[in-house]
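Written below as structure tokens is the structure these notes are about.
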Amino acid sequence: MSDAVRVTARLPAPPARVWPALTEPARVARWFGDLAGPLTVGEDNRLGFDDGDFFTLRPTALVPGRTVEFDWRFLGVGKRQRVVWTLEPAGPGAALLTVADHDDSRTPAEAAQLHEGWTDFLDRLARHLSTGRDARYALRDDIDGAIDLPAGPYRPLAHPTLLDWLPVAEDGFRPAWFFVIDDEGPRRFALREWELREDEKLTFTVAIPETAGTPAARVTLAPVGAGLRLSFAHRGWTALGLPDGRAQELRRRFTATWVASLASARDRARAAAGPG
């Protein structure tokens, strides 16, 4: 796993006490996220967060008191990654926990960002073990993700093709509305600052009613392996001035819309590429 990002933390609890915090849903929920059920080798699971982010995961190895290994995909559509937790004793009342997150296609900047993220999670685990209190984050500022597309004729960042998968409508002259569609029906948000560089980058902002906030989105297309990676980042969700519950719900709905949009782009690219 030479391409893994690794983070190690000394935890204020022996391995026997750390292990449940890594594997039991009720304990994992205190510092990390909500598992859909107990971890079972070979069975699909889901780790969800309060702000709408989630991973789909499948455990591949569980060695009690020692190792947790699983494959997961961010938002269920990202590239599959291998994560290994290794737990070791570190003297009386302490343990060393190392997490190795493997992906052979990360850029140095992405690896650095991931290292920071895992460091934060291990800090949260240490605080939970030390105090017994919940240590989860409530709202992450960015909504971001990526999906790999096959090589072929499909051009997801060309006009008007991008309107096939991105929930955007024009007013007769230019893109004017971004739609969020869920079980409460469609709602539209005014688009501003739309700029498209075909086959490379799209940027825009979305106006949020009753706030001065305009979360900024950036969508990019870049070669990776034999295909393309369609990535997005939508930033500005923690500065809207909304109550926490309302901000979380709004971010959850935008996250679900982005996930559905990426999946639509993938399906259209696959259909255009043809069999094989």
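The values are calculated or read from the model by the stated rules, or taken from the named source; none is laboratory data. A quick note: this is a predicted structure, and the numbers were derived from the prediction, not measured. Please note: Cβ atoms are built from the backbone with ideal geometry, for glycine as well, and neighbour counts cover all protein chains shown. Heads up: the accessible areas ignore ligands, DNA and RNA and are worked out on the full protein's heavy atoms, side chains in. Shrake-Rupley method; radii C 1.70, N 1.55, O 1.52, S 1.80 Å.
Selection of segment 59-82 for residues being open to solvent by 60 Å² or more (accessible area, probe 1.4 Å) and either at pLDDT below 95 or among the β-branched types (Val, Ile, Thr) (or both) yields 63, 79, 80. One residue stands out among those in segment 105-114 that are in contact with a strand residue (DSSP E or B) (Cβ under 7 Å, 6 or more places away or on another chain) and surrounded by 14 or more Cβ atoms within 10 Å (Cβ to Cβ): the one that is nearest to residue 3 (Cα to Cα), which is 111. If I filter segment 189-209 for residues that are touching a His at 6+ places or on another chain (Cβ under 8 Å), of a type outside the set (A, V, I, L, M) and assigned to a helix (DSSP H, G or I), do I get at least one hit? Taking every residue of segment 189-209 in turn, none turns out to be touching a His at 6+ places or on another chain (Cβ under 8 Å), of a type outside the set (A, V, I, L, M) and assigned to a helix (DSSP H, G or I).
Within the set 176, 151, 222, 190, the sole residue that is open to solvent by less than 20 Å² (accessible area, probe 1.4 Å) and touching a strand residue (DSSP E or B) at 6+ places or on another chain (Cβ under 9 Å) turns out to be 176.
Against the criterion of being more than 24 Å from residue 9 (Cα to Cα), open to solvent by 20 Å² or more (accessible area, probe 1.4 Å) and not aromatic (Phe, Trp, Tyr), residue 124 does not qualify. Filtered by the rule that a residue be free of Cβ contacts under 8 Å to residues at least 24 places away in the same chain and not aromatic (Phe, Trp, Tyr), segment 167-186 gives 168, 169, 170, 171, 172, 174, 176, 183, 184, 185, 186.
Identify, by number, the condition in (1) under 24 Å from residue 263 (Cβ atoms); (2) in contact with a His (Cβ under 9 Å, 6 or more places away or on another chain); (3) not in a strand (DSSP E or B) that residue 134 doesn't meet. Unmet for residue 134, out of (1) under 24 Å from residue 263 (Cβ atoms); (2) in contact with a His (Cβ under 9 Å, 6 or more places away or on another chain); (3) not in a strand (DSSP E or B): (1). So which residues in segment 22-66 are touching a Lys or Arg at 6+ places or on another chain (Cβ under 8 Å) and touching a residue at least 60 places away in the same chain (Cβ under 8 Å)? Within segment 22-66, 29, 30, 31, 32, 33, 49, 50, 51, 52, 53 meet the criteria.
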